[in-house]
Every structure is written in structure tokens, then in C-alpha cells.
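**Student:** There's a structure below that I have some questions on.
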Amino acid sequence: MSKIKKVLIANRGEIALRIIRACRELNIKSLAIFSEVDIAGIWVRKADEAYPIVGNPVEAYLNYKKIIDIAKRNKCDAIHPGYGFLSENADFAAACSEAGIIFIGPKAEHIELFGDKMASKVAMKKVGVPVLEGINEPISDIAEGERISKEIGFPVIIKAAFGGGGRGMRIVYKEQDFKELFESATNESMKYFGRDEMFIEKFVQNPRHIEVQIVADKYSNVVHLGERDCSIQRRHQKVIEIAPSPRLNHETREKIYKIAVEGVKKIGYESVGTVEFLVDEDDNIYFIEMNTRVQVEHPVTEVISGIDIIQRMIEIAEGDKLKYTQDEISFKGFAVEFRINAEDPKLNFMPRVGKITNYMAPGGPGVRLDTSLYSGYDIPSNYDSMVGKLIVYSLTWEGTVKKAKRALDEFFIDGIATNIPLHRAIVCDSDFQEGKFNTGYLDEKLEKFNLDAIDFMQEEEQKLQKLQDMLQDIKSNNQFIPKGGEFLY
Ligand code: MV4
């Protein structure tokens, strides 16, 4: 076991701050790297040390030779990749090991394996994990693809083996559409990932997207930390994540845990990871992919289990055994994470950054906010539009929904537009409140939610004016005269 003394954080924003917090509580020093446009990032000042990487602002967090060199020159004995950027780059993980630096994450071979969605299915099927019917080797030509699709039965879904975020994915409902959709999926995969290996599966209509959090040490001890329902997505980007899933029945829950833990144990996986499944309307469970990194949505699992996932990840990398057996882990209540994006509901949620002029974070019982925003912060335009995560939790689903509405109403950010009004519209929706949602939910309701969001924004904009009118009335008439008898708001 080698005790880690200093960690280089190869990431930025809220996850960099999250890792700094975990290190601080473990008495581990942290070194933040930052691009030229990130010098004002609060995590840069909260780390024990910071080191600039000049040049292209995105390249800064991807140039792993330079990052490893900075780690060595500053005597960091480990690197935490966070999520995105280099977090699932097997070459980076291998290069860290070759440089004698601990990569806080899984083995490079597993990053490699699960980066290929086809090979992942073959490997998981071999250890008894249920996968969708289909072909799990690259489709060589259109004719073969059409033949296999007819065997499976339409609709089928074409997927890029090295894809992600929904890119290189097409749903084919009719045979005559296969050729065109296969070609567009292949071209998209080549464009975004430089790979054209495509595979086909039976398409599951309106599934729920359920993922299981796994924690595994280097001694074959594997536990799960429950599941997260990530069905509420927009254009393959998760918008809201929930733990536990409000409508998964007990039998399916226990089954999905068993499948995930036993599969991961047989694979010999180490570190934290997330096994992603689709659950169809008959509660059939199908493995779709495994994420070999800590995920954006890990906080909802942390608050219902009381377990710090980032600290467990670091301890596993140091060679510690798991602190808990499965029987010692319990879950309490419900948690919902709202991804706060700098995007404008009035511009169809187009990303739009800017300077935070006024800011008041929500708080009170059952509210957690993971963000690197602060009043006066000028959000750089070079990165992802997600600027924070609001996590609310309570003992019951109903209580969590009420708390979510209260916290979202309370959140105050001036200077930029955010998707907070969209979240407010969703938590007011009866289907959401009753847990009636699957992967089709947001696409079906987005138009209505967008109008609700714009109404919320207008109400907010009018509030200050109404207060000023009231004050003016009282000052000039020595009393407030409600116009038409309405209350202030
Ligand atoms: C599927 C599927 C239905 N059937 N696979 C895979 C990547 C992940 N981000 C979305 N994935 C899906 N894979 C089969 N065989 C449904 C999804 C899916 C989805 C598909 C289209 C539009 C939105 C979606 C949201 C979540 C899951």
C-alpha cells in the first residue's frame, strides 16, 4: 500500500473543487492545473498548489504528456482525472503507470475494454450479464446489416462501437431506411471519433435508463451503492438524475444489483465504475455500457448512502481494502440532481455564458450545491455549459420533490441565463411528481416546459419592478393600493 501525499487534478470546474475537498479531508495535498482562461476559477485558488498550462484552453486538459511532466516535476504521486477529458483515455492511464504515477481510476485494460461498446457487450455476456439481441462484431456491409436487422426484427438501433453521447446512433424502424441511416451513423462516428465500427441491437421502446454505482478494490471486493435513474435526458445529455429510481420494483432492483456486482467481480474490475442498463416496460434488464470513471451524478448516490465516492476512489488507488461490506451499506431517502447549465430557454437552450453579476445559492435542510460559480465570475466559453449541480434530498419522494421546487425557486443567478426555469417546470409536472418517466419523457414534454420556463423567467423579471411600484405607491399615497385587488405576486 503506498500512501498518496499529493494529487494532480487533471480537470476543472466543479469536479476539480470536489476532488480538492475529498483530498483536503484525507490530508492529501492537491495541485490544480489550469488553462489561461481558467485562471479566475475558484478551484485554482482552493487547491494547495496550482500550475498553468498555456496554449489552447481545451488542449490544456488533454495534453497528457505535459500533465504527467507537471506531476513529476511537482512531486505529485497520483493524478485524478475526474470525468470527461482524459478520464477514459487508456493511453493516459498506462502512461501514468509507466511514469510511476498512480492513476486514480481503473486499470488501463478495463478503460480500453469498456471504451468499445461492442467488446463490452461480448465480455459482459460471457460473465452472464444480459445484453440485447443483436450482432456484436462490426457490420461489414449494408447487405449484412439489413439481413441481421430482418433477423432481429425492426425497429433496430445502429450504434457506433466507439461512440458516445448519442453520436453515431440511429433508430431504424423500416428496412428501406436502413442504408441511409447506416451511412449517416457511420459518417458521424468517423467525424467525431475517427472510428467506423458499427453494431446493431434490437431497439427497446421507451426504456428507463438505470445505472448501478460500483465500488471495487484491488482484492476482488465489490459492492454496489444502489442505482440512479437517468432517464430524463435531452439530446443524450442527462438533465436530471435520481437515486433511487422512484418506480423500480424491489425484485427488479435486487436483480439489477446482483447482475452488476457479479459481472464486475468476474471481469476483475477495480475502482469506481457505473454499469448502465436499459429496463423495458416488462422490467427486462439489458446491459448497454460501463463507465470507467466517476460520473457527474455521483452526488445523489453519496447523499443517500452517506459514502464519499471520491475518497473511496483515492483509497482504492492507494491499495486499501473496501471499508464496508454490502451488509454495512444502507440507503436512506431520495436524492435528485439538477444539472445547472448556462443555456438560454429563450434561445432553445443554446449555451450562452457571461459574467455572474448577482448570485445567491439555495440552502437549508437537504440541499447540496456542487459548483465553482461565484458572484463576479466570468464563465469561459471554451467548455461544457454545465456550471453546477443542485442536489436535493429528503426521506420521501414527495418530500424531495417539494424541497426541489423550494430550492429551485430560491436559486438566484443574475448575469447569465440558465436552465433553472426548465427544472422548475419539470418539478411542477404531475408525471414527474408521480415518477412516471422514461427516456422519452423530456422529448415529449420539452415544448410545453420551454413555454413554462419562459413564463417563470418573465415572473422573475417582473418581481423587482412590482416591489418598486409598491414602494412608490406607498410613498406618494401613504398607502399601497392593489391595482385590481391582486396580491403583490
Ligand atoms: C438503446 C436504447 C433503446 N434500445 N439501445 C445508448 C447510449 C445512451 N446514451 C442512450 N442509449 C440507448 N440505447 C437499445 N437497444 C435507448 C437508448 C437511450 C436513448 C435513445 C434515444 C434517445 C434518447 C435516449 C435516452 C436514453 C437511452
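The values are calculated or read from the model by the stated rules, or taken from the named source; none is laboratory data. Everything numeric here is computed off the predicted structure, so don't read it as measured data. Note that each Cβ is placed from the backbone with ideal geometry, even for glycine, and that neighbours are counted across all protein chains shown. Remember, those area values only see protein heavy atoms, side chains included, never the ligands or the DNA or RNA. Shrake-Rupley method; radii C 1.70, N 1.55, O 1.52, S 1.80 Å.
**Student:** When only Cα pairs under 8 Å and 6 or more residues apart are kept, what is the percent relative contact order across the stretch 112-192?
**Tutor:** Reported as a whole number, the value is 24 percent.
**Student:** If you don't mind, another one. Given the peptides 79-87, 199-207, arrange them by the average over their residues of other C-beta atoms within 10 Å, most packed first.
**Tutor:** Result, highest mean first: 79-87, 199-207.
**Student:** Please check which bits of the stretch 172-203 a label hung off Lys125 would reach, taking the label as a point 7 Å along Cα-to-C-beta and the cut-off as backbone N under 15 Å.
**Tutor:** Counting backbone N atoms under 15 Å from the label point, the list is 198-203.
**Student:** What part of the accessible area of the chain, given as a whole %, is carbon or sulfur when the probe is 1.4 angstrom?
**Tutor:** Looking at the chain in its full context, I get 51 percent from C and S.
**Student:** In addition: Note the per residue figure in Å³ for the convex hull of the C-alpha positions in the stretch 226-330.
**Tutor:** Each residue corresponds to 115 Å³ of Cα convex hull volume.
**Student:** While we're here: I need to check one value: relative contact order of the chain, counting alpha carbon pairs closer than 8 Å and at least 6 residues apart, in percent.
**Tutor:** Taking the mean separation of contacting Cα pairs over the length of the chain, I get 13 percent.
**Student:** Where does the stretch 85-160 land on Rg/Rh, using Cα atoms and the Kirkwood Rh?
**Tutor:** Using Cα coordinates only, the ratio equals 1.13.
**Student:** Whole Å is fine, so just give me how far the alpha carbon centre of the stretch 358-425 lies from that of the stretch 131-185.
**Tutor:** 39 Å
**Student:** For Glu109 and Asp414, calculate 0.36 nm times their separation in residues minus their Cα-Cα distance, and state this gained length in nm to one decimal.
**Tutor:** Gain in length upon complete extension: 105.2 nm.
**Student:** Can I ask one more? Taking H as built 1.01 Å from N, whose amide H comes closer than 5 Å to the amide H of Glu289, not counting residues under 5 places away?
**Tutor:** Those lying under 5 Å, H to H, from Glu289 are Glu276.
**Student:** Could you calculate the FRET efficiency of Ser97 with Lys255 from 1/(1 + (r/R0)^6), where r is the beta carbon distance between them and R0 is 41 Å, rounded to 0.05?
**Tutor:** Plugging the Cβ-Cβ distance into 1/(1 + (r/R0)^6) gives 0.70.
**Student:** Given R₀ = 60 Å, FRET efficiency for Tyr324-Leu471 by Cβ-Cβ distance, to 0.05?
**Tutor:** 0.60
**Student:** Taking K and R as +1 and D and E as -1, what net charge do the other residues with C-beta under 13 Å from the C-beta of Tyr359 add up to?
**Tutor:** Charge balance in the 13 Å sphere: -2.
**Student:** Under the definition of Cα pairs under 8 Å and six or more residues apart, what whole-number percent is the relative contact order of the stretch 47-108?
**Tutor:** 30 percent
**Student:** Also, I was wondering about something else. Among the listed pairs Lys125/Lys150; Lys46/Lys355; Lys159/Lys403; Lys121/Lys321; Lys174/Lys266; Lys265/Lys405, which are separated by more than 32 Å between their Cα atoms?
**Tutor:** Lys159/Lys403; Lys174/Lys266; Lys265/Lys405
**Student:** Report, in deg cm²/dmol and to the nearest 500, the calculated mean residue ellipticity at 222 nm for the chain, where each DSSP H run with n ≥ 4 adds -39500 (n - 2.57) and the sum is divided by the residue count.
**Tutor:** -11500 deg cm²/dmol
**Student:** How large is Rg over Rh for the chain, taking Rg from the Cα atoms and Rh as the Kirkwood inverse mean of 1/r across Cα pairs?
**Tutor:** 0.99
**Student:** Still on this structure, please answer the following. For Ile33, enumerate residues with amide H under 5 Å from its amide H, sequence gap 5+ or separate chain, H modeled in the peptide plane.
**Tutor:** For Ile33, the qualifying residues are Ile9, Asn11, Tyr51.
**Student:** Any chance you could tell me what percent of the C-alpha pair distances in the stretch 367-411 go past 13 Å?
**Tutor:** I get 62 percent for the Cα pairs in the stretch 367-411 exceeding 13 Å.
**Student:** Right, something else. Over the chain, give the accessible area per residue in Å² for a 1.4 Å probe, as an integer.
**Tutor:** Averaged over the residues of the chain, the accessible area is 44 Å².
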